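Heads up: the structure comes next, in structure tokens.
The values are calculated or read from the model by the stated rules, or taken from the named source; none is laboratory data. Source: prediction; values computed, not measured. Neighbour counts are summed over all protein chains in view; Cβ atoms, including those assigned to glycine, are modelled from backbone coordinates with ideal geometry.
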Amino acid sequence: MRTINFIFLLYINVLALPASYAGITDRASIEALVIDFLKEKTSTPIDGKITITVANIDPRVIIKPCQQTLALNIPEKDIGRNVNVKITCPDSISWMMYLPAKIIKKFPVVVARNIIDKGTTLTSANIEVQYLPQNKIRGIKLTHISSALGSKAKKRIGKGRTINKRNVCLVCKGDAVTIIAKSSQFMIKTQGIALSSGTMNQQIKVKNKRSGTIITPKVTAINQVTINL
């Protein structure tokens, strides 16, 4: 598609620009104009951001300003990841062209700064937040460092890999944990052993050291679980 568009451009030796861009013929300004147009037409996802890139204009194309305001639109009904922006010059001798563009929506996600070995505690020294394309995010993403700090890696995590609830645990299987049993009138603390792993607010199996009873409380902190009576 990109090659076809560039071949089509070779037959066009004029390029329309808005009145405010009259006389500008450098390619960077033209491409920036298309990017600005797409930013106005694309909604930014909640807690995310977008990046827009356009195809470079073939250097063999002779660029001449349009005398009237340039009209831009997207022929497709929906704006997807790949779009073609239609550029029309309404001069007496009118013309049009298409410029391919790519719109990528990115979201914040916690990733490993370096290789994190199994059992390693996550800290601000070994994790960070990056904005990644949605198709590169797997599992239930963690979007804030605070939601991962203090948890431990359930398996080896490679540098740059995303941190999600599947590969970390605030309470890991085999950990000694504090069990908090509470009601509106009282609270009791005792010790137990985690029989499964979990992150914040997940239910896991825990064995009470004193009674031997197996319960399913929720993870409420590092090596801490709570059961409401």
TODO: May I ask you to list the residues in the stretch 145-181 that are among the small types (Gly, Ala, Ser) and on the phi < 0 side of the Ramachandran plot?
DONE: SER146, SER147, ALA148, SER151, ALA153, GLY158, ALA176, ALA181
Open item on the list: Suppose we keep only residues that are touching a residue at least 40 places away in the same chain (Cβ under 8 Å) and of a type outside the set (A, V, I, L, M, F, W, C) within the stretch 173-209. Which one would you say is nearest to THR220 (Cα to Cα)?
Closed with: THR199
Open item on the list: Name the residue that is nearest to LEU72 (Cα to Cα), counting only residues in the stretch 36-49 that are part of a loop (DSSP other than H, G, I, E, B) and more than 14 Å from the chain's Cα centre (by Cα).
Closed with: THR42
Task: Members of the stretch 166-175 found to be of a type in the set (A, V, I, L, M) and either part of a loop (DSSP other than H, G, I, E, B) or more than 14 Å from GLY119 (Cα to Cα) (or both), listed by number - done: LEU170
- [ ] Could you check ARG156 against (1) assigned by TED's automatic domain parsing to the domain that holds LEU122; (2) surrounded by 15 or more Cβ atoms within 10 Å (Cβ to Cβ) and say which number it fails?
- [x] (2)
- [ ] Only one of these is touching a strand residue (DSSP E or B) at 6+ places or on another chain (Cβ under 8 Å), free of Cβ contacts under 8 Å to residues at least 40 places away in the same chain and surrounded by 13 or more Cβ atoms within 10 Å (Cβ to Cβ): LEU142, LEU122, LEU170. Name it.
- [x] LEU142
Task: Long-range neighbours under 8 Å by Cβ, at least six apart or interchain, first residue of a type in the set (S, T, N, Q) within the stretch 97-119, second at pLDDT 90 or above - done: ASN114/ASN126; ASN114/LYS159
Task: LEU132 surrounded by 13 or more Cβ atoms within 10 Å (Cβ to Cβ), in a strand (DSSP E or B), among the aliphatic types (A, V, I, L, M) and not assigned by TED's automatic domain parsing to the domain that holds PRO45 - done: yes
Open item on the list: Of the residues ILE115, ILE87, ILE93, only one is surrounded by fewer than 19 Cβ atoms within 10 Å (Cβ to Cβ), among the aliphatic types (A, V, I, L, M) and within 30 Å of VAL61 (Cα to Cα); which?
Closed with: ILE93
Open item on the list: Against the conditions (1) surrounded by 14 or more Cβ atoms within 10 Å (Cβ to Cβ); (2) of a type in the set (S, T, N, Q); (3) over 29 Å from PRO45 (Cα atoms), where does SER147 fall short? Just the number, please.
Closed with: (3)
